[in-house]
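Undergrad: Quick one: structure below, then a few questions.
The values are calculated or read from the model by the stated rules, or taken from the named source; none is laboratory data. Bear in mind that the values here come from a model prediction, so they are computed numbers and not experimental data. A quick note on method: Cβ atoms are made from the backbone with ideal geometry, for glycine too, and the neighbour counts reach across all protein chains shown.
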């Protein structure tokens, strides 16, 4: 099976069906995992069903999923799956959560798809062929001034004391320099917003392998944006993250460093 836009359509149909089936789960059975973070029965159900599809279509590929971790086949291809990115929002009834799926080849993302169920939007991209929301091509914002920028950042319940302090330092440095700071905690949706020009940047102070951000970072790249770590260098496999429209990237780095 080729990774093309027809494949994206088939995967979209499968995942939307799984999400509809998940609504039949009456007791979402919230459980704690890392610190105050949680997982629900919907996370587990959707993850298992998506993994079944990937294994059926690509049995030789490796998989890295949010709840199961890495299922390695020593393949040059690896799928990154976050069945519900923004689980705390989801469990609380806050309509800011999504499903994120990405495919990497030799650690480079070549395909991504994100489902923003509450907006009826599906974002997808194939490397070198552009990023789209539904049928509309995505472009990052034209904003060239940090003072006019809207920047989102992450602070979750499983952050260490050090990471919490790092977030607060970043917030203090940026608060007076931007138009708005936003704390959404659904990284996949935030990256979709950046790729579509709704916001101008997304940052994360906690080094991460990026299960939930793999697809969204590809969208931003394909839409004309820029991605580095918080020092302005190329991201390592596990690293901090700064994603912007590209036009305010250097200005943010100057403020942060």
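Undergrad: Tell me whether the stretch 133-143 contains one or more residues that are buried (at least 17 other Cβ atoms within 10 Å of the Cβ) and either more than 20 Å from the chain's Cα centre (by Cα) or part of a strand (DSSP E or B) (or both).
TA: Yes, the conditions are met somewhere in the stretch 133-143.
Undergrad: Another question, if that's okay. In the stretch 144-167, what count of residues is obtained for those that are surrounded by fewer than 17 Cβ atoms within 10 Å (Cβ to Cβ) and more than 22 Å from the chain's Cα centre (by Cα)?
TA: Matching residues across the stretch 144-167 total 7.
Undergrad: Where residues in the stretch 212-228 are assigned to a loop (DSSP other than H, G, I, E, B) and either modelled with pLDDT under 95 or in contact with a strand residue (DSSP E or B) (Cβ under 7 Å, 6 or more places away or on another chain) (or both), which of them is farthest from residue 238 (Cα to Cα)?
TA: If we take residues in the stretch 212-228 being assigned to a loop (DSSP other than H, G, I, E, B) and either modelled with pLDDT under 95 or in contact with a strand residue (DSSP E or B) (Cβ under 7 Å, 6 or more places away or on another chain) (or both), then 223 is farthest from residue 238 (Cα to Cα).
Undergrad: Next question, about the same structure. In the stretch 2-29, which residue that is over 29 Å from residue 127 (Cα atoms) and touching a residue at least 24 places away in the same chain (Cβ under 8 Å) is nearest to the chain's Cα centre (by Cα)?
TA: So the residue we want is 22.
Undergrad: Looking only at the stretch 170-211, which residues are under 30 Å from residue 47 (Cβ atoms), surrounded by fewer than 21 Cβ atoms within 10 Å (Cβ to Cβ) and at pLDDT 95 or above?
TA: 198
Undergrad: Among the residues of the stretch 79-92, are any part of a loop (DSSP other than H, G, I, E, B), more than 18 Å from residue 190 (Cβ to Cβ) and under 16 Å from the mean Cα position of the chain (by Cα)?
TA: No, there is no match, as no residue in the stretch 79-92 is part of a loop (DSSP other than H, G, I, E, B), more than 18 Å from residue 190 (Cβ to Cβ) and under 16 Å from the mean Cα position of the chain (by Cα).
Undergrad: Moving to a separate point now. Can you name the number of the only condition in (1) crowded, with 17+ Cβ neighbours inside 10 Å; (2) within 20 Å of residue 190 (Cβ to Cβ) that residue 95 fails?
TA: (1)
Undergrad: Take the residues in the stretch 231-257 that are part of a loop (DSSP other than H, G, I, E, B) and touching a helix residue (DSSP H, G or I) at 6+ places or on another chain (Cβ under 6 Å); name whichever of them is farthest from residue 142 (Cα to Cα). Don't jump to the end; show me each part of the working.
TA: Here is the first cut: in the stretch 231-257, the residues part of a loop (DSSP other than H, G, I, E, B) are 231-238, 245-248, 257.
Imposing the further condition that a residue be touching a helix residue (DSSP H, G or I) at 6+ places or on another chain (Cβ under 6 Å) reduces the set to 232, 248.
Values: 232: 21, 248: 10 Å.
It comes out as 232.
Undergrad: List pairs: first residue in the stretch 34-50 and under 14 Å from residue 89 (Cβ atoms), second residue at pLDDT 85 or above and not in a helix (DSSP H, G or I) anywhere in the structure, Cβ distance under 8 angstrom, at least six positions apart or on different chains.
TA: Qualifying pairs under 8 Å: 40/84; 42/25; 42/83; 42/84; 43/83; 43/84.
Undergrad: List pairs: first residue in the stretch 213-234 and outside the structural domain of residue 79 (by TED's automatic domain parsing), second residue crowded, with 24+ Cβ neighbours inside 10 Å and assigned to a loop (DSSP other than H, G, I, E, B) anywhere in the structure, Cβ distance under 6 angstrom, at least six positions apart or on different chains.
TA: If the second residue must be crowded, with 24+ Cβ neighbours inside 10 Å and assigned to a loop (DSSP other than H, G, I, E, B), the pairs left are 223/140; 224/140; 225/140; 225/245.
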